[in-house]
1. Just the number, please: carbon plus sulfur as a percent of the accessible area of the chain, 1.4 Å probe, no ligands or DNA/RNA counted.
2. Would segment 67-114 count as rounded, prolate or oblate if I go by the C-alpha gyration tensor, calling it rounded below 1.5 in a/c and otherwise prolate when a/b exceeds b/c, oblate otherwise?
3. Can you classify the chain as rounded, prolate or oblate using the Cα gyration tensor, where a ≥ b ≥ c are the square roots of its eigenvalues, rounded means a/c under 1.5, and otherwise it's prolate if a/b beats b/c and oblate if not?
4. Per residue, how much accessible surface does the chain expose to a 1.4 Å probe? Answer in Å², no decimals.
5. Given H placed 1.01 Å from N in the peptide plane, which residues other than close sequence neighbours of Thr90 have an amide H under 5 Å from its amide H?
6. Distance between Cα centroids, segment 5-40 to segment 55-115: provide it in whole Å.
Amino acid sequence: QVQLVESGGGLVQAGGSLRLSCAASRLSVSLNLMGWFRQAPGKQRELVARITSGGSTVYADSVKGRFTISRDNAKNTVYLQMNSLKPEDTAVYFCNSVKFTSVYWGQGTQVTVSS
């Protein structure tokens, strides 16, 4: 089965940086739509960033200029580089993929930004 495994979450101070990784199995990150979502307690899950098979990217307004989504095709891994982190970025971050008409999710990784 398709599997997405996130890593790289943790505790960081405001203004700091963190890089999340999403390793995919039985799914090509270069041939499918990949994305990062996040969900904070009491809030809806929201799209943070996405990247298409052609390399086009889309970002939520709240993270534009601070976050960057990228991929390493050889490692079949998607990354989310997060800079200038703010306390409001605190959430569980999920890797997401769309393969044909199927949607897949990772287990999530916690990111906590302290002030």
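The values are calculated or read from the model by the stated rules, or taken from the named source; none is laboratory data. As the structure is a computational prediction, the values presented were derived from the model and not from experiment. Remember, those area values only see protein heavy atoms, side chains included, never the ligands or the DNA or RNA. Shrake-Rupley method; radii C 1.70, N 1.55, O 1.52, S 1.80 Å.
1. Of the solvent-accessible surface of the chain, carbon and sulfur hold 48 percent.
2. Values: a/c = 2.76, a/b = 1.60, b/c = 1.72.
The shape class here is oblate.
3. In terms of gyration-tensor shape, prolate.
4. Values: 6130 Å² over 115 residues.
I get 53 Å² per residue for this part.
5. Amide H neighbours of Thr90: Val113.
6. 5
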